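Accompanying notes for the structure given below.
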Amino acid sequence: MSSRYPSYSSPKECKHLRNYKLKHGHDGYDLIQEFVKTNPFGRTMIDKSKLDVPRCSFCSGYQGRLYMCLICSSVTCCLSPESDHTRLHRQSFNGHEIAVDLERAELYCSVCCDQVYDPDFDKVVMCKHMMALPRRENGELRLSKRKRLNFGIDLDLRNVKRLVSLRDQRSKSCFPIGLRGLNNLGNTCFMNSVLQALLHAPPLRNYFLSDRHNREMCRKRSSDRLCLPCDIDVIFSAVFSGDRTPYSPAQFLYSWWKQSENLANYEQQDAHEFFISMLDRIHEKEGKASHAIKDNGDCQCIVHRAFSGLVRSDVTCTCCGFTSSTYDPCIDISLDLDRSTSSCTDLLGKTSKLNDNTGSSTLVGCLDLFTKLEKLGSDQKLYCENCQEKQDTLKQMSIRKLPLVLCLHIKRFEHSPIKKLLRKIDRHLQFPFSLDMKPYLSSSVVRKRFGNRIFASDGDESDINTEFEVFAVVTHSGMLESGHYVTYLRLRNQWFKCDDACISKVDEEVVRASQCYLIYYVQKVLYHKGTEDVSCQPMSPRADTFVPIAGCC
């Protein structure tokens, strides 16, 4: 823990890892060091060629994720929660809970079913990683460190040539600039998945890479040592530096823990709750600026400018027809899965919903369900201003204002009416890459309900951009208690899978088949602006150089 925050106490580590270290110390860490290697792209991994049996000891398979036990060096695989030989190995041999991911050189707990973080293990891995780095003739390390360029009067021809050379070098990379893995710090896949999506949200990306949040000025303005936007700014600089080695957002995690102490632990958290919490923390800091509030009271911080929308709720009295409308700001829209075709009849003639997890829904169906006219129950009667008493009512939701970045949250976790516990809905959801939100605007919904005879106009909506393009999808796989979050990013019309530290290209069929949990759309006009050349983009005098990514302006 950094001495900058002496009041902060780090949360407890994984108890299974703690028990392993108490019994075996660092013997397994030192043994594993000889297998660590650094590939040409800078990723630290296990050299499988040095293993006697680089296949699963149970099935002799080599597909899926491979793990090596720190106790007996047995290699096991994990294809899915149903086919988890790493868990089977732990059940067969007492005390064999901790293993090493052969692909990512990260510790894995087969009880927690997730990566676990240990600084002592990181020292072993980084020691080998530093030994593999290129050195100068005098023995000093030759680090690929991004220089801060002075774009003032000292910018000479040599600096210009260096900038052009840097851009040409990056353009030849197999992956777009800004695509960098994030190390799992111990059950933090929920954090990494959301960070990957927000790092490529065009408004947020432009804001931080254009030095709109200046870390030096922020420290002078505020006495707070902890500043989440400052830590996010550090992540943006690191991710868009061109460095391909996985990055550890440890300082950001500490800051978020400090400001969300009820969530400060190594347990798996909900990605949607983290997304909301993170935006709230940014708003609290950025919203304090004197220029952040308009005369009409609207907040102009980056969170509200990028994600804020307006939802309209119409409540109509079934007795007199009086309608009252309310407007609520939102930074995301939560959608129930459309399961209208999920029920089935068994052999005894009883209706069952057991196939909730095997059916398929569509995003359009979920949005139709969100804006569907709903009759409230008799126990939900509302007061009618016209009748002067509580009456049965009809309720209908619609969208009054669309944000620049539209986050759709798919409700996959619900309370089971039988066991009174949370359960996960593994139902597949079909979603379009291009989405037109016009049918769900308030004007369209009201017109569809009442026709042109009655139309409650809230202003001109003709200039509203309703066409969106998907740029990020956060998915959840596995069980409720031990699942895993992965993000798919759409850059240059190519999909990339961000699985913590691992980045790989995937086909769009893989994305369509995933269990999407958070879907991020951006207005089409912003999506296509990402194809502009870097020479057309403004650069901050202080900010590091960066290359805009196609699809992520």
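The values are calculated or read from the model by the stated rules, or taken from the named source; none is laboratory data. Here the structure is a predicted model, which is why all the values come from computation and not from measurement. Note that we place each Cβ from the backbone using ideal geometry, even for glycine, and neighbour counts take in every protein chain shown. Ligands, DNA and RNA are stripped out before the accessible areas are found, and what is left, the full protein with its side chains, is counted by its heavy atoms. Shrake-Rupley method; radii C 1.70, N 1.55, O 1.52, S 1.80 Å.
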Exercise for the section: Keeping the other protein chains in place, figure out the carbon and sulfur percent of the accessible area of segment 76-117, with a 1.4 Å probe. Expected result: 48
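Can you give the FRET efficiency to the nearest 0.05 for T326 and S210, using r as the Cβ-Cβ distance and R₀ = 30 Å?
For R0 = 30 Å, the calculated efficiency reads 0.25.
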Exercise for the section: Pop out the ³J(HN,Hα) list for segment 499-508 in order, Karplus 6.51 cos²θ - 1.76 cosθ + 1.60 with θ = phi - 60°, rounded to Hz; leave Gly and Pro as x. Expected result: 10, 6, 7, 8, 10, 8, 6, 9, 7, 5
Handout entry: segment 172-219: C-alpha gyration tensor shape, a/c 1.5 cut-off, then a/b vs b/c
Key = oblate
Completion exercise
Stretched fully, the stretch from E374 through K411 gains (0.36 nm per residue minus C-alpha distance, one decimal, in nm) 11.5 nm
Exercise for the section: Rank these by accessible area, largest first, 1.4 Å probe: R423, R490. Expected result: R423, R490
Exercise for the section: At 1.4 Å probe size, with no ligands or nucleic acids counted, give the accessible surface of S60 in Å², nearest ten. Expected result: 70
Fill in the blank from the handout: Violations at 21 Å Cα threshold for listed pairs K372/K448; K375/K448; K438/K497 -> K438/K497
Completion exercise
Which of K258/K411; K220/K285; K15/K123; K123/K220; K15/K411; K123/K285 exceed 24 Å between C-alpha atoms? The answer is K258/K411; K123/K220; K15/K411; K123/K285
